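Colleague: Mind having a look at this structure? Questions to follow.
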């Protein structure tokens, strides 16, 4: 069977051959509508580009690299599912790797992906700072998901300060004043700190004191949160509600409370963050802050494609949302 050519792509996409060549060699601006038509034609024809002798730019590989800290987490799985769904309808394939929460491994993976000739990179909760990322990738199109928004790199994230306030305000409105916050990994990205800041702001705005004893390290994992809450109970520190920085740590909180015959939510209310698919069927079903994780994955892939074609504008996605279930109730009810 004859291999499709740049002429076939141009004919199917309804654009000029020179426009397809500029797309393949990543040189010059192309209108978004034409980019989408070219990508659809490449996908339909199974076209593989080759760099031209006269171009200093490499040909598109139609591969996008994605790096996540771990696959063993529903948070990242939801984002990746959104990316995969979006990729199925595009000309791009994804090369997905896990850093296993290792900064050294993340750097190594990025270098390997560059050697493979990926057209762009998406880093989800990167362990690297902006200078380190820029030094590694150079001019390669890059998108950071759930990282710091204080630099110049393109980023996708919700406002975690506001989301943290929504969670804490829910508990305050239910009459709780002694509220524990099981925070995430404060040294690995800004999200945990932002949620902690939102928690503190809500307490102060409600005229409540921030008690350092009620701020514990949940580590984003069930075991860490479980052990931290056990320590609170053993130290006989009084509290009536817990805001966990993610659903996984909320599960650990609830397990520790149950083991000490503390009823949820009659004695202690618990709210999580993320709205993992297991939270609705957990016992009790978990009140939580829903992040649009699947949508973030879809938007991330669409946005990196726009960045590659110089058509990027600020993306819009649904805000965080309070999902009230059975793990929270009015104090004393």
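The values are calculated or read from the model by the stated rules, or taken from the named source; none is laboratory data. Quick caveat: nothing in here was measured; it's all calculated off a predicted structure. Quick reminder, even Gly has a Cβ in these numbers, built from the backbone with ideal geometry, and neighbours come from all protein chains shown.
Colleague: Quickly run through region 101-144 and pick out the residues that are more than 19 Å from the chain's Cα centre (by Cα) and surrounded by 22 or more Cβ atoms within 10 Å (Cβ to Cβ).
Modeller: 113, 118
Colleague: While we're looking at this one, here's another question. I'm checking my understanding of the structure. Among residues of region 63-76 that are at pLDDT 90 or above and surrounded by fewer than 18 Cβ atoms within 10 Å (Cβ to Cβ), which one is nearest to residue 26 (Cα to Cα)?
Modeller: The selected residue is 63.
Colleague: Out of (1) under 18 Å from residue 300 (Cα atoms); (2) touching a residue at least 40 places away in the same chain (Cβ under 8 Å); (3) in contact with a helix residue (DSSP H, G or I) (Cβ under 9 Å, 6 or more places away or on another chain), the odd one out for residue 93 is which?
Modeller: That leaves (2) as the condition not met.
Colleague: Select, from 151, 147, 175, the only residue that is part of a loop (DSSP other than H, G, I, E, B), under 18 Å from the mean Cα position of the chain (by Cα) and either modelled with pLDDT of 95 or more or crowded, with 22+ Cβ neighbours inside 10 Å (or both).
Modeller: 147
Colleague: So residue 88 passes all but one of these: (1) over 14 Å from the mean Cα position of the chain (by Cα); (2) under 23 Å from residue 135 (Cα atoms). Which condition number does it fail?
Modeller: Here residue 88 clears every test but (2).
Colleague: In the set 316, 301, which member is crowded, with 23+ Cβ neighbours inside 10 Å and more than 19 Å from residue 171 (Cβ to Cβ)?
Modeller: When all the criteria are applied, what remains is 301.
Colleague: Would you confirm, using the coordinates I've provided, whether residue 214 is more than 21 Å from residue 190 (Cβ to Cβ), touching a strand residue (DSSP E or B) at 6+ places or on another chain (Cβ under 6 Å), surrounded by 20 or more Cβ atoms within 10 Å (Cβ to Cβ) and free of Cβ contacts under 8 Å to residues at least 40 places away in the same chain?
Modeller: Yes; evaluated as a whole, the condition is true for this residue.
Colleague: Yes or no: residue 172 in the same structural domain as residue 245 (by TED's automatic domain parsing) and touching a strand residue (DSSP E or B) at 6+ places or on another chain (Cβ under 9 Å)?
Modeller: Against the criterion (in the same structural domain as residue 245 (by TED's automatic domain parsing) and touching a strand residue (DSSP E or B) at 6+ places or on another chain (Cβ under 9 Å)), residue 172 qualifies.
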